[in-house]
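Below is one structure, written out as structure tokens; comments come after it.
We did not get these values from a lab; they are worked out from the coordinates using the rules stated. Because the structure is a prediction, the values reported are computed rather than measured. Cβ atoms come from the backbone with ideal geometry, glycine included; neighbour counts cover every protein chain shown.
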Amino acid sequence: MLYLNQRDHRHIPYLHDTANGGAPEHRRNIATSGCGLCCLCMTVEHLTGEILELTECVRLSEESGANFCAGCSMRILGPVAAERYGLTYGRTGDAAEMLAHLRAGGEVIVNVRRQDDGTPGIFTARGHYMLLTGTDGKTVTVMDPNYVKNKYKAQEEAGLIRVEEPLLYCDLAMLIGEARAEEPYYLFKKAGR
């Protein structure tokens, strides 16, 4: 199963946050801002067997205008990629719908956030996309495109996350608590399944 770590792709430029004049030069690359693009490339390959190269995903993001914000807007880029690769696309804020989608063989890109008081969340200090590939109803299988060794040491020790690189097995309630407030789940599935 394909896993992409954005940190391995500093050499791939990515112009984003264009609505604000573009990100600072040192943040204009996949390593700093490509979590959503990495998740989308993994999803396409997992569900279709086709390869969406990161450089092509950058082009799709820039051409569709999904790069207007920091990183990308999955609300814009998701439907573009879904149509191109024969996937269905949807989004929801309903955790039960997200779980049903995973159980039906789909994958979910989740947008996680920092805490409401501005402190870092478990997965990110600002905002971050991760890929959900399955569930048993209590835990969710996660691919974090910004994973580094010991990133989740405290959560592992507390039994909230189990790491089996490149997969994370995360407590479902904790993941739901870290998701953005409105429609944080982007649903992808092979059309016709």
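Which peptide among 19-29, 170-180 comes first, and what is the full order, when sorted by highest mean count of other Cβ atoms within 10 Å?
Ranked from most to least packed, the peptides come out as 170-180, 19-29.
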Largest-first principal axis extents of the Cα set of region 51-90 (Å): 26, 22, 13
How large is the helix-only mean residue ellipticity at 222 nm for the chain, computed as the sum of -39500 (n - 2.57) over DSSP H runs with n ≥ 4, divided by its residue count, in deg cm²/dmol to the nearest 500? -9000 deg cm²/dmol
Please give, to one decimal in nm, the separation of the simple spin-label points placed at residue 83 and residue 148, each 7 Å out from Cα toward the Cβ. 3.9 nm
Taking Cα pairs under 8 Å and at least six residues apart, what relative contact order does the chain come out at, in percent? 23 percent
Whole-Hz ³J(HN,Hα) for each residue in region 128-141, computed from phi via Karplus 6.51 cos²θ - 1.76 cosθ + 1.60 with θ = phi - 60°, x for glycine and proline: what do you get? 7, 9, 9, 10, 9, 10, x, 7, 10, x, 10, 10, 10, 8
If each residue of separation counts as 0.36 nm, what is the full-extension length gain between residue 180 and residue 55 once their alpha-carbon separation is subtracted? 42.3 nm
Env charge @ residue 75, Cβ radius under 10 Å, K,R +1 / D,E -1, value 0
Summing +1 per Lys or Arg and -1 per Asp or Glu among the other residues with Cβ less than 12 Å from residue 13's Cβ gives +2
Taking +1 at the Cβ of each Lys and Arg and -1 at the Cβ of each Asp and Glu, which of 52, 21, 64 sits farthest along the dipole of region 1-80 towards its positive end, judged by Cα position relative to the Cα centre? 21
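For residue 10 and residue 103 in the same chain, what is the full-extension length gain: residue separation times 0.36 nm, less their Cα-Cα distance, in nm?
Going from the current span to full extension adds 30.0 nm.
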Simple Cβ-charge dipole of region 6-190, Lys/Arg +1 and Asp/Glu -1, about Cα centre, in debye nearest 20: 180 debye
Net charge around residue 127, counting only other residues with Cβ within less than 9 Å of its Cβ (Lys, Arg = +1; Asp, Glu = -1)? +4
Radius ratio Rg over Rh of region 6-190, counting only Cα atoms, Kirkwood formula for Rh: 0.94
By the C-alpha gyration tensor axes a ≥ b ≥ c (rounded if a/c is under 1.5, else prolate when a/b exceeds b/c, else oblate), the shape of region 43-122 is oblate
